[in-house]
Structure formats: structure tokens, C-alpha cells
Amino acid sequence: MTVYDAVMFNENAPLFESIANDIYSKGVSINTCALPSNMTALLVQYIKDLPAQSFQRAGVGRGKNHIINEVIRTDDIAWITDDNVACSTWLNWTSSLQSYLNKHLYLGLCLFESHFAYYKKGDYYKKHKDAFKGEGNRVLSIVIYLNKNWADEDGGELVIYNQNTPSPQDLHENKTLVSPTMGTIVVFLSEEFPHEVLTAKKDRYSIAGWFRGSRQI
């Protein structure tokens, strides 16, 4: 670990501890407006300056099974690389989180990937899971939000369904809505929690990412 990594690790230790405790006890962690403000500012400015052509229509499935299906989702995405300060800062932060979770929860996280997601007015992502048991190596999903002055009437909430309930009707009643407010962080077990994005009423920006285990798909 470099000196920079150690400083970042220590500065974020209370937040990382909260995330780890939540994942251990509930499988999902929601921290409102918790992303470090300097990184949030960098990411907001970067996505504001990102050319429209950098985004592409999101699909479902991977590899040869990847298709565009607007019945399921209509958002646009831009994959994140480390060729600029904002994205490098984000990737360094997630690397520190990965190290903390591996140390304290023994999750064996090895790889990380993420993209910006842009939901225009009217866009949505229907109920889905990020991974299915025995069919991939996504272990943890993470979402952060980059929206200033988001109001309840703007829609676009993340809905997380708790599937650890006794009956199908309870599944739809036992759910959590997360407003996509600036700097909010959501982390959850990829195989365990169905979720969806409700229709946005105005432009909505976020980052979605996945920590992967060692098993290849």
C-alpha cells in the first residue's frame, strides 16, 4: 500500500466500517451524502463536461448474450477508465474500499468495474438482479449519485427489494426507496437483492460498479 493509499484508507475508515457492518448484518448499506466532497465535486464536473457521444445505450446480458432491450432499461452509460483525475480518484477510493472489505469480511474481491449512468427524463431500469447464483462472479454492487438539488417529485429512486421474506406478496411490500441525492452511496450483495430504477422526471446521473470475485465467467 502506498502512502497515498494509506491516507485515503485511514480518512475513509469510519465510512468503510459502516459499510462493512451493514453488509455483514443486512447485506445492504445506504449512506446518504457520504461520498467525500472533493471526489464528488471532481466527478460532477467531469460528467458535466463529458461529451454526449461518450455515452451509449445500455443493454442487458454479457458477451454474445448482450442485447439492447428498452422494455427493461433505457439509460445510457459510459465506462470508467483511469485516464483522468476524477476517474482515477474514484478508482483509488473503490480500491481502498475493496481492501477494507477483503480484510474485514474476507470476501475475496479481486476486480472492479464501473460506468457512469445517464437517465434522461422518462428513462428507467426495470426490476432485475446484478448477478445470479452460480452464473457469474459479481459479489458486491455499488451505486453513487451525482445529482444536485434532487427533489422527491423528480422521481428516479432506486428501489431495493428484500427477498428474505416468507411470501411473494411480502417481497413487494418489503422494499427500500433511495433518492438519488448528491453523494449518496449504496452497496449491496449482487446475488441477493432485486432492484430497479423508477422513471426519472429530469436528467439523472450516477455511477454503478461491481466488485468481482476470483471465479471467471
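Side notes on the structure shown:
- Where a label projected 7 Å from the Cα of Lys103 along Cα→Cβ would reach, residues of the stretch 14-58 with amide N under 11 Å: 14, 17
- Rounded percent of accessible protein surface that carbon and sulfur make up, the chain, 1.4 Å probe: 52 percent
- Accessible surface, per residue, of the chain when the full set of protein chains is kept, probe 1.4 Å, Å²: 51 Å²
- Three-way shape label, the stretch 7-100, alpha-carbon gyration tensor, a/c 1.5: oblate
- Helix-only [θ]222 nm of the chain, DSSP H runs n ≥ 4, -39500 (n - 2.57) each, per residue, nearest 500: -9000 deg cm²/dmol
- Pair Asp83, Leu198: separation of 7 Å Cα→Cβ label points (nm): 3.8 nm
- Links that overshoot a 31 Å alpha carbon limit, given the list Lys26/Lys48; Lys121/Lys175; Lys48/Lys126; Lys129/Lys201; Lys127/Lys202; Lys26/Lys148: Lys26/Lys48
- Under the criterion of Cα pairs below 8 Å and six or more residues apart, the relative contact order for the stretch 5-156 equals 25 percent.
The values are calculated or read from the model by the stated rules, or taken from the named source; none is laboratory data. Remember, it's a predicted structure, so these values are computed and weren't measured experimentally. Cβ: placed from backbone, ideal geometry, glycine included. Neighbour counts: every protein chain shown. Please note that ligands, DNA and RNA were not included when accessible areas were found on the heavy atoms of the full protein model with its side chains. Shrake-Rupley method; radii C 1.70, N 1.55, O 1.52, S 1.80 Å.
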